[in-house]
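The values are calculated or read from the model by the stated rules, or taken from the named source; none is laboratory data. Just so it is clear, the model here is predicted, and its values are computed rather than measured. Because the Cβ atoms are built from the backbone with ideal geometry, glycine has one as well, and the counts that use them run over all protein chains shown. Note: areas computed on protein heavy atoms with side chains; ligands, DNA, RNA excluded. Shrake-Rupley method; radii C 1.70, N 1.55, O 1.52, S 1.80 Å.
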Protein chains: 2
Amino acid sequence: MKKILIALGGNAILKKGENGDYSSLISHIRNTYKQLLPIIKNNKIVITFGNGPQVGILAIQNELAKNKFSQMPLDVIGAESQGWLGYLLEKELINILRENKIKRDVVTILTQVLVDKKDKAFRNPTKFIGPFYNKNEINKLKGYKIKKDPRQGYRRVVASPEPLEIIECNTIKSLVNKKSIVIACGGGGIPIHKNKNNLIGIEAVIDKDLASECLASSLKFDEIIIITDIERVAINYKQKNQKFLDNLNLKDAKKYFEEGQFPEGSMGPKIKAAIHFIEKGGKQVVITSISPSGKSIKEMRKTIIRK
Amino acid sequence: MKKILIALGGNAILKKGENGDYSSLISHIRNTYKQLLPIIKNNKIVITFGNGPQVGILAIQNELAKNKFSQMPLDVIGAESQGWLGYLLEKELINILRENKIKRDVVTILTQVLVDKKDKAFRNPTKFIGPFYNKNEINKLKGYKIKKDPRQGYRRVVASPEPLEIIECNTIKSLVNKKSIVIACGGGGIPIHKNKNNLIGIEAVIDKDLASECLASSLKFDEIIIITDIERVAINYKQKNQKFLDNLNLKDAKKYFEEGQFPEGSMGPKIKAAIHFIEKGGKQVVITSISPSGKSIKEMRKTIIRK
């Protein structure tokens, strides 16, 4: 059995433009698992997931009710989103396994991820989150850093610091070793920092692929599979000389990354995660997508990154 | 080492009448752990918790934003509350253990609890939840069962069915055996039912003490400690002949329970949980409260229920 971390992007759970009602979430999750089942059933597995749409919804709900209840900070909202999606991902995986007569325990581990309060991301926060505001409204907002969103109006920005350590790593390791399928690191994990030896929540969002790499490397996993919007990594993306890559070695990955081929906020962190993972001894990173037509993962086009 | 389940009532986390801002939640949780530390450090421990105020807040937030986003059903909202409180309870327990140089892993397990769709509670739902409505508003609500709330106006009512099985029981058992401290069964667990062999979420809330008993009995635990509003169980509560009990045997517990000494929705389910636990072989159930003055659990007044 290989040890494989599967990092599910938002579109494995919710398609762009959809409103994300309960039954469509379940249906996308089931479709995702059907594609991944051949991998899941034959290997030791950790599943991580993005929470972008859900953390946005919870942040707006939280703000809409601020006259009624104390607002919770982003670390709590991230934890709520881990409950929301972790539950649906766990329940449907149990169902798919039972339908296929595969006996494996499935468990969702609430996950905290250590970051450094001095990370440079805190000096220049860039991640847009929560509701859009107009110019009058932003004067009334206290304690938020606000930037103009290129799409419309103004929005809160928060830092996206580097993940340094998965607090629940020991537990995840012991469960993986007994072949439980572990769902963890939802939304990149709940960001916390250390003051002396104390854990303190901090308002930030951690990139899910970087947190997944941090976990997979700590667990000495063999492989990471990143499920995202497009099947393969491209260089010169959306230009005339665009070229999709089936294979990518570490040296080229680093060269292209430094050339700025992979934009921040989309393919950038995935390639960065892949570089870190392989440099730390991981065997390969596969980047691919979910097939609407029910292909198995073996039939999918993909980019394989190796040393 | 004994195996002890500690069931934290809402007031271990949030005092009645407080608005529940982040720092006061943390402060109550820390105070609770200080009292419980002598028990926690010397035994195998599972911690469960109530989510009443938080699930209410999340349900109202969810409803306030219903024109913007798809509303999520109560099973998802319960899962969100497990993330919210599980995170705070886990983080502060890690901190208290570190301050006291106690090396134990702490982990929060998202917990689903099986109920029977034919449970009579679904025919006559009694648990009030979410916002208050006036008479005009209730005509526009679809799919909700509404009852007049004795306090004011109208409210949604949901069923509180019997917990039958803790889906993640195997995992919790293996973690307890390796002395991890496991936080589980938040808010009584996420209610699910079975259709053939498939798990399906269901809109309900499960009593946290009954779910705790279900878990403790399945794990063959020695003891349950229930932390609630009052230090001791009383008979003839708030009457002239009120009598607090230091000890209660199974036979008397059953007699008083059948006499209706313990009201539904407060002491009733706690005594019912105690009766079930001891009948299935548990050694004792302790009912006590959190001391505002920092007493240890040994100094507290308490009711001990034994065979």
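Over 23 Å between Cα atoms: which of A:K103/B:K91; B:K179/B:K302; A:K173/B:K91 fall into that group? Each step should come with its number before you reach the end.
Values: A:K103/B:K91 32 Å; B:K179/B:K302 27 Å; A:K173/B:K91 19 Å.
As for pairs spanning more than 23 Å Cα to Cα, those are A:K103/B:K91; B:K179/B:K302.
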Choice from A:Q54, A:Q239, A:Q284 with maximal GNM fluctuation in chain A (Cα, 10 Å cutoff): A:Q239
Inter-copy spacing of A:P150 label points, which lie 7 Å from Cα along Cα→Cβ, given in nm from shortest upward: 6.0
Sparse-neighbour loop sites [GluC sites (Glu not before Pro); the stretch A:159-250; at most 16 other C-beta within 10 Å; DSSP]: A:E231
For B:R98, label point 7 Å along C-beta direction: distances to other copies, nm: 3.9
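In Å², what does the accessible area per residue of the protein assembly as shown work out to with a 1.4 Å probe? Kindly include the intermediate steps, with their values, before the conclusion.
Working: 26870 Å² over 614 residues.
Spelled out: the 1.4 Å probe surface of the protein assembly as shown, per residue, equals 44 Å².
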B:K148-B:E63 pseudo-label distance in nm [points 7 Å out on the Cα-to-Cβ vector]: 1.8 nm
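R0 = 41 Å: FRET efficiency of B:S70 with A:K118, Cβ-based, nearest 0.05? All intermediate terms of the calculation are to be shown ahead of the outcome.
Working: r = 40 Å, r/R0 = 0.96.
Given R0 = 41 Å and the Cβ-Cβ separation, E is 0.55.
As a test of the formula, what do you get for chain A when each DSSP H run with n ≥ 4 contributes -39,500 (n - 2.57) and the sum is divided by the residue count, at 222 nm and rounded to the nearest 500 deg cm²/dmol?
Working: 8 runs with 109 residues, N = 307.
My calculation for chain A gives -11500 deg cm²/dmol from helical runs alone.
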Distance from the stretch A:212-234 to the stretch B:106-134 (C-alpha centre basis), Å: 37 Å
In nm, spacing of pseudo-spin labels at A:F132 and A:D229 (7 Å Cα→C-beta vector): 1.7 nm
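Efficiency by 1/(1 + (r/R0)^6): what FRET value for B:N19 and A:I200, r their Cβ-Cβ distance, R0 = 22 Å, to the nearest 0.05? Walk me through the numbers before you get to the answer.
Working: r = 22 Å, r/R0 = 0.98.
Once the sixth-power term is evaluated, E becomes 0.55.
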Highest-fluctuation residue, B:I192, B:I172, B:I138 considered, GNM on chain B with Cα pairs under 10 Å: B:I138
Between the stretch A:37-93 and the stretch B:252-307, the Cα center-to-center distance that results, in Å: 35 Å
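State which entries of B:K208/B:K243; A:K2/A:K101; A:K16/A:K255; B:K34/B:K240 exceed 29 angstrom in Cα-Cα distance in the structure shown. Display every interim value, and only then the final one.
On the way: B:K208/B:K243 26 Å; A:K2/A:K101 21 Å; A:K16/A:K255 31 Å; B:K34/B:K240 35 Å.
Among B:K208/B:K243; A:K2/A:K101; A:K16/A:K255; B:K34/B:K240, the Cα-Cα distance tops 29 Å for A:K16/A:K255; B:K34/B:K240.
Quick check on the stretch B:216-296: of the DSSP beta bridges with both residues there, what percent are antiparallel, nearest 5%?
On the way: 3 of 9 bridges.
Bridges in the stretch B:216-296 are about 35 percent antiparallel.
At most 16 other Cβ atoms within 10 Å and a DSSP loop assignment: could you name the trypsin sites (Lys or Arg not before Pro) in the stretch A:1-84 that fit?
Working: sites: A:K2, A:K3, A:K15, A:K16, A:R30, A:K34, A:K41, A:K44, A:K66, A:K68; in loops: A:K2, A:K15, A:K16, A:K66, A:K68.
Here the trypsin sites (Lys or Arg not before Pro) that fit, given the DSSP loop and packing criteria, are A:K2, A:K15, A:K16, A:K66, A:K68.
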Whichever lysines have a C-alpha closer than 18 Å to that of A:K135, once near sequence neighbours (fewer than 8 apart) are set aside: A:K145, A:K147, A:K148
For A:K178, inter-copy label distances in nm, listed shortest first [label point 7 Å out on the Cα-Cβ vector]: 0.8
Proximal aspartates and glutamates relative to B:K142, as straight alpha-carbon distance under 17 Å, when same-chain residues fewer than 8 apart are discounted: A:D21, B:E63, B:E203
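Can you send over the carbon and sulfur percentage of the accessible area for the stretch B:130-211, probe radius 1.4 Å, protein chains only? Numbers along the way, then the final one.
Values: 1790 of 3800 Å².
On the stretch B:130-211, the fraction of accessible area on carbon and sulfur atoms equals 47 percent.
Please label the shape of chain A as rounded, prolate or oblate, based on the square roots a ≥ b ≥ c of the eigenvalues of the alpha-carbon gyration tensor (a/c under 1.5 means rounded; beyond that, a/b larger than b/c means prolate, else oblate). Don't jump to the answer; show the numbers that get you there.
On the way: a/c = 1.45, a/b = 1.27, b/c = 1.14.
In terms of gyration-tensor shape, rounded.
Considering only DSSP beta bridges with both partners in the protein assembly as shown, what is the antiparallel share in %, to the nearest 5? Could you put the intermediate results ahead of the total?
Working: 45 of 103 bridges.
Antiparallel bridges: around 45 percent, rounded to the nearest 5.
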Filtered trypsin sites (Lys or Arg not before Pro), the stretch B:163-215: DSSP coil and at most 10 other beta carbons within 10 Å: B:K196
Chain A: most fluctuating residue of A:G260, A:G52, A:G17 per GNM, C-alpha cutoff 10 Å: A:G17
Label zone at A:E264, where the point sits 7 Å out along the Cα-to-Cβ direction: the stretch A:133-172 residues whose backbone N lies under 11 Å: A:160
Using a Förster distance of 56 Å, the FRET efficiency for B:F257-A:Q242 (Cβ separation, nearest 0.05): 0.15
